[in-house]
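Heads up, the thing below is written out as structure tokens.
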Amino acid sequence: MSTLLASFTLVTASCLASPLQENIDAIVKDKPAQIGVVIEGFDPHQHAGFNENTRFPMQSVFKFPVALAVLDQVDKGKINLDETLLLKPSDLLPNTHSPLREKYPEANAAVSIGEIINETVSNSDNNGCDILLRLVGGPQAVDQYIKNLGIADMQIAVNEQEMHTVKDAQHKNWTTPAAMTQLLRLFHDGKLLKPDSQKFLWTAMRDSVTAPGRLRSPLPAGTHLIHKTGTSDYSPQDGSTVNDVGIILLPDGNPVFISVLISGSKMSMMDTEKIIASVSGVAWDHFSQEKPGLSIRKTGKQLRELIGFENQ
């Protein structure tokens, strides 16, 4: 009897799965990668996910909580965005992504903290990130800031330099999709920063130019996407990590919170990014077109066209 009841419960749960959840399940099915997804509407009960509580390496997504921690210090009067720091050659390491280094190749330049945050968030500057980490007391200080917010399933333990030079260090900065979505919601709801700091970071994330083939790809022109990407190098043994997390603003102004984290991908960068774009696309369709009694369930053919390749 207990086995029969359990089977009935599983069948019932499957039958009750939302069209959005069914679309997500179809997108991630049988992909040669570990994939984590959380999608939530303004009402957190409008929800779909996959591997929601699994740990994933953040890569440059961790620059979002780093920026939050710095701006928290701004709000407390300990840091001023207009304050300048003298960039030394040792601040601008070679062989890493750094628009700041390209802009100030000789270093010895006075650069405002605001500009460093903007380059770190909008252009994912690795050197800028480490400058900000030193400013607030290192990765452990940012980690404690996150823990103080009540977010347990996120860890920040190393800086960009360590992630690029120490084997497996990149796995020490991790989050679950659920925890990242929780942080995005707190940010959107204005519970983390004062209005000026909120607007500053919101604008920097909205103006991000990185990885247009991910969350941004399927969205209509002009849609506001406030997001942060993260990417690792590819290795034959470990594959690659490809992430994008953010807030999509619907035409009515309501938010959709979305975290897509992919690790160990053995696919090409283009095909891995297509997974993220597909998740973003079905989220947009669901929340922008949802009406009472209207199903937006996509057919298998429609999903394959959206994803861009057949399920293996």
Point to revise | Pairs with Cβ under 8 Å, 6+ apart, first in the range 112-134 and under 12 Å from residue 205 (Cβ atoms) and touching a residue at least 12 places away in the same chain (Cβ under 8 Å), second charged (D, E, K, R) and surrounded by fewer than 24 Cβ atoms within 10 Å (Cβ to Cβ) | key: 122/207
Point to revise | Answer residue from the range 208-263, given it is over 19 Å from residue 190 (Cβ atoms) and basic (Lys, Arg) and is surrounded by the most Cβ atoms within 10 Å (Cβ to Cβ) among those | key: 214
Study note, to complete from the structure: Checked against (1) surrounded by 21 or more Cβ atoms within 10 Å (Cβ to Cβ); (2) more than 15 Å from the chain's Cα centre (by Cα); (3) of a type in the set (A, V, I, L, M, F, W, C), residue 151 satisfies every condition except (1)
Check your understanding: Out of the residues in the range 15-45 that are at pLDDT 95 or above and polar (S, T, N, Q), which is farthest from residue 143 (Cα to Cα)?
Key -> 23
Revision key, fill the gap. Screening 136, 61, 70 for residues that are surrounded by fewer than 22 Cβ atoms within 10 Å (Cβ to Cβ) and of a type in the set (Val, Ile, Thr) leaves only 136
Practice item. Give the number of residues within the range 118-140 that are of a type in the set (Val, Ile, Thr) and over 17 Å from the mean Cα position of the chain (by Cα). Key: 2
Check your understanding: Of all residues in the range 224-241, how many are of a type outside the set (Lys, Arg) and touching a residue at least 40 places away in the same chain (Cβ under 8 Å)?
Key -> 6
Practice item. Report, by residue number, each residue of the range 165-212 that is over 22 Å from residue 73 (Cβ atoms) and over 18 Å from the mean Cα position of the chain (by Cα). Key: 165, 166, 167, 168, 169
Revision key, fill the gap. Every listed condition ((1) farther than 20 Å from residue 36 by Cα; (2) over 13 Å from the mean Cα position of the chain (by Cα)) holds for residue 217 save (1)
Practice item. Starting from residues that are part of a loop (DSSP other than H, G, I, E, B) and of a type in the set (Val, Ile, Thr), keep the ones in the range 74-101 and report whichever is farthest from residue 124 (Cα to Cα). Key: 79
Point to revise | Whichever residue in the range 102-114 is in a helix (DSSP H, G or I) and either out of contact with any Ser or Thr (no Cβ under 9 Å at 6 or more places or on another chain) or at positive phi (or both) and, among such residues, is surrounded by the most Cβ atoms within 10 Å (Cβ to Cβ) | key: 114
Check your understanding: Which condition number does residue 306 fail, the rest of (1) loosely packed, with under 14 Cβ neighbours inside 10 Å; (2) touching a Gly at 6+ places or on another chain (Cβ under 9 Å); (3) at pLDDT below 95; (4) among the aliphatic types (A, V, I, L, M) being met?
Key -> (1)
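The values are calculated or read from the model by the stated rules, or taken from the named source; none is laboratory data. Since the model is a prediction, treat every value here as computed from it, not as a measurement. Quick reminder, even Gly has a Cβ in these numbers, built from the backbone with ideal geometry, and neighbours come from all protein chains shown.
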